[in-house]
Amino acid sequence: MRIVNRMMQRARDVVRGFASDRRGNVAMISAFVIPLLLLITFGGIDIHRASTVKANLQDALDAATLAAARSQYIDDAGITQVGLASLQANLAPYKDISLVTSATTFRLDSNGTVIGDATVNVSALVASIILPRTGAATGSIIPVGAHSEVTRSSQNVEVALVLDTTGSMLGSKISDLKLAAKDLVDIVVQDVQTPWYSKVSIVPYSMAVNVGTAAATARGTPIGSTNISAITWYTGTPKLVTAATRANPAVITAAAHGFANGDKVVIWGQGNMSQMNGRIFTVANRATNTFQLSGVSSSSWSSFSNNNLTYVAKCARTDCNPTVTANGHGIPNTSDASVYLTDIGGMDQLNDTGYSATYVNANQYTIDTVGYGVFSAGGKSWCGQYGCTWRVFTNAEGNLRSYSASTCVTERTGSNAYRDVSPSTTRVSFNYPAPSNPCLSNLVRPLSSNITTIKSQIDGLTASGSTGGHVGVAWGWYTVSPNFNSMWSSSGAAGAYARETLKAVVLMTDGEYNSAYCSGVISQDSTTGSDANATHINCDAPNGSAFDQSMALCTAMKQAGVIVYTVGFQVVNDQRARNLVNGCASSPDYVYLPTSGSDLRQSFQAIGRDITNLRISR
């Protein structure tokens, strides 16, 4: 205003000078020159004022375009909404200018650049007052425009949703989780996948994680079977038993049996006096056609019946254990060797059962059970060690159990337990689940930008089983790790935690981490909720509890550059669970503790918005 006042004062002085000069020529010239001088002088004032407004508009538009670029919107309507609101706020202090909203636009071009254009009207106050005719001729409004461009510092986005689908999530909790997870997918996965993509993986977990057909790549191919060519346990020829007394001791009739006192024999096939079947007896007081069962009273047994053919044979070994011939059987020469048998003809009582085994040679072994019956043909021998199709083990109660390998997988052990090195370098572990706590049906879904497919996967989630949450944490990391791209070559993660890719894991849990593993089976030190002790192997988890393993994985994941969000949904009253939810997250700001279904949805929505904002502003 000082400049304007000085210019107006100078103009008045000029006018007075001309007006006081009475010479004729001067008067004539003044009549033509004075209006022109006034137009130039006061027009310059308006031009200077418009220039000042343009500078202010440019600053305001730059700030508004930056705000629009930092928003989560990728459509022009959304970007305009943010940009226009910011611009109007920035221009609010300037009362003498008017924003022309019809001439103000914000848009996003194909290169990820937000472009802002704005126009304001400036009143030509001085010129219109001093020179009304000129003002009318030139208009009392001066339009002023500005242009701004801001290139988004956007990134690719890879998000793993690690979702608790254990038995404790049954009912409304799993329904709430599905809605919340789909909300996040809608926010994070954008319709436009260029120049930056946004993908989500789904990692459901319960007692373990099911990777489906990719299991062989992750933990290796389980060792299969070899063919059985013979099973022997007796010498001589089995003899037909025609009678047995109910006495003390029992007396057996078998014509020309040929046994000697002290021989070990086994009887089988009796349909009524079944108490004699499959047991080892010692021959005593033998005669040509009879012998006693030394020290055995049959007084309480059922009566003998000839409705079934009953046989007796002399054992080749004192323990009556069968010797199995299966070339290249692969049973190790160790004290804990085991085997699982199927499809045997003639000695079908051996089928579908696991046994402790003793190595004889590369083609033979014995099994720790009483042999009876006559081998006819066929049969398959399966090793029972870790890495085999069948796992035969001693449970926490001291009994033998047999479980088959599933497509679920468990934790890695050794020096790479808490690293994301390729499975070709260090395999993850097999899973041998109990029938009462089977491999979950929910499959891992690798990174995808197909919203329909992702949501379909979420809708199909079911709740069951115990909680091996640490396995879920690991596979959340693995799905966004380029080191695991061999698992799913068409849905792999971006390479080596590149700057242009934001990687995040959203860990949702109710906190009941109770199932750790030893040799592919739930360990004996797993806690309540991990199924019965009879289903646990008789060794402790080498990596420690599921809580400890989860914390170690989270620490390593964060150090690798992965952002970790935790959602503790109605977390159980366990300090370890609370420590996990708070300790796994990248910061306290990334911890959510919803207590209701609506809270859970709001938490997932907030995480989705935060990921989107990080993607744009980092």
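For the range 273-304, the candidate set comprises residues that are of a type in the set (S, T, N, Q) and more than 16 Å from residue 246 (Cβ to Cβ); within that set, the residue that is surrounded by the most Cβ atoms within 10 Å (Cβ to Cβ) is 282. The single condition from (1) exposed (fewer than 14 other Cβ atoms within 10 Å of the Cβ); (2) modelled with pLDDT of 95 or more that residue 222 fails is (1). Suppose we keep only residues that are of a type outside the set (D, E, K, R) and not in a loop (DSSP other than H, G, I, E, B) within the range 252-272. Which one would you say is surrounded by the fewest Cβ atoms within 10 Å (Cβ to Cβ)? Among those residues, the one meeting the criterion is 253. Evaluated against (1) surrounded by 18 or more Cβ atoms within 10 Å (Cβ to Cβ); (2) in contact (Cβ under 8 Å) with a residue 60 or more places away in the chain; (3) not small (Gly, Ala, Ser), residue 227 falls short on exactly one condition, (1). Taken over the range 487-514, the criterion of being assigned to a loop (DSSP other than H, G, I, E, B) and either at pLDDT below 95 or under 17 Å from the mean Cα position of the chain (by Cα) (or both) is satisfied by 488, 492, 493, 494, 498, 499, 500, 510, 511, 512, 513.
When the range 404-444 is limited to residues that are in a loop (DSSP other than H, G, I, E, B) and of a type in the set (Phe, Trp, Tyr), the one that is farthest from residue 533 (Cα to Cα) turns out to be 418. Among the conditions (1) part of a helix (DSSP H, G or I); (2) surrounded by fewer than 24 Cβ atoms within 10 Å (Cβ to Cβ); (3) at pLDDT 95 or above, residue 478 misses just one, which is (2).
Counting only strands (runs of 3 or more DSSP E) that sit wholly inside the range 291-353, not one has at least 1 residues that are more than 24 Å from residue 264 (Cβ to Cβ) and touching a helix residue (DSSP H, G or I) at 6+ places or on another chain (Cβ under 7 Å).
Considering the range 146-160, and only residues there that are of a type in the set (Ser, Thr, Tyr) and part of a loop (DSSP other than H, G, I, E, B), the residue that is modelled with the lowest pLDDT turns out to be 153. Checking the structure you have, find out if any residue of the range 539-551 is in contact with a Gly (Cβ under 6 Å, 6 or more places away or on another chain) and surrounded by fewer than 24 Cβ atoms within 10 Å (Cβ to Cβ). Yes, the range 539-551 contains at least one residue that is in contact with a Gly (Cβ under 6 Å, 6 or more places away or on another chain) and surrounded by fewer than 24 Cβ atoms within 10 Å (Cβ to Cβ).
Note on the range 188-214: residues that are among the β-branched types (Val, Ile, Thr) and either surrounded by fewer than 19 Cβ atoms within 10 Å (Cβ to Cβ) or within 15 Å of residue 410 (Cα to Cα) (or both) total 6. All conditions in (1) within 30 Å of residue 467 (Cβ to Cβ); (2) modelled with pLDDT under 95; (3) not small (Gly, Ala, Ser) hold for residue 163, with the sole exception of (2).
Does residue 506 satisfy the criteria of being in contact with a Lys or Arg (Cβ under 6 Å, 6 or more places away or on another chain), of a type outside the set (S, T, N, Q) and either more than 30 Å from residue 173 (Cα to Cα) or buried (at least 18 other Cβ atoms within 10 Å of the Cβ) (or both)? Answer is no for this residue. Of the conditions (1) of a type outside the set (Lys, Arg); (2) on the phi < 0 side of the Ramachandran plot; (3) modelled with pLDDT of 95 or more, residue 320 clears all except one; give me its number. With respect to (1) of a type outside the set (Lys, Arg); (2) on the phi < 0 side of the Ramachandran plot; (3) modelled with pLDDT of 95 or more, residue 320 is out only on (2).
Taking the range 44-95 as the search range and keeping residues that are assigned to a helix (DSSP H, G or I) and charged (D, E, K, R), which one is modelled with the lowest pLDDT? Filtering the range 44-95 for residues that are assigned to a helix (DSSP H, G or I) and charged (D, E, K, R), the one modelled with the lowest pLDDT comes out as 46. Total residues in the range 209-251 satisfying the condition of being assigned to a loop (DSSP other than H, G, I, E, B), touching a Leu at 6+ places or on another chain (Cβ under 9 Å) and under 30 Å from residue 371 (Cα atoms): the figure is 3. In the set (1) crowded, with 21+ Cβ neighbours inside 10 Å; (2) among the β-branched types (Val, Ile, Thr); (3) modelled with pLDDT under 95, the condition left unmet by residue 142 is number (1).
Applying the selection to the range 359-374, what residues are outside any strand (DSSP E or B) and surrounded by 22 or more Cβ atoms within 10 Å (Cβ to Cβ)?
Answer for the range 359-374, where residues must be outside any strand (DSSP E or B) and surrounded by 22 or more Cβ atoms within 10 Å (Cβ to Cβ): 371, 372, 373.
So, in the range 185-202, of the ones that are under 19 Å from the mean Cα position of the chain (by Cα) and of a type outside the set (A, V, I, L, M, F, W, C), which residue ends up nearest to residue 601 (Cα to Cα)?
Narrowing the range 185-202 to residues under 19 Å from the mean Cα position of the chain (by Cα): 185-189, 198-202.
Cutting the leftovers down to of a type outside the set (A, V, I, L, M, F, W, C) gives us 186, 198-199, 201.
Details: 186: 12, 198: 20, 199: 20, 201: 18 Å.
Per the criteria, the residue is 186.
Residue count for the range 283-301 satisfying the condition of being closer than 16 Å to residue 262 by Cα and of a type in the set (Phe, Trp, Tyr): 1. The number of residues in the range 298-337 being in contact (Cβ under 8 Å) with a residue 60 or more places away in the chain and closer than 19 Å to residue 227 by Cβ comes to 9.
Take the conditions (1) modelled with pLDDT of 95 or more; (2) closer than 13 Å to residue 505 by Cβ; (3) surrounded by fewer than 22 Cβ atoms within 10 Å (Cβ to Cβ); residue 599 misses just one of them, which is (2).
The values are calculated or read from the model by the stated rules, or taken from the named source; none is laboratory data. Here the structure is a predicted model, which is why all the values come from computation and not from measurement. Positions of Cβ are backbone-derived with ideal geometry, glycine not excepted, and every protein chain shown enters the neighbour counts.
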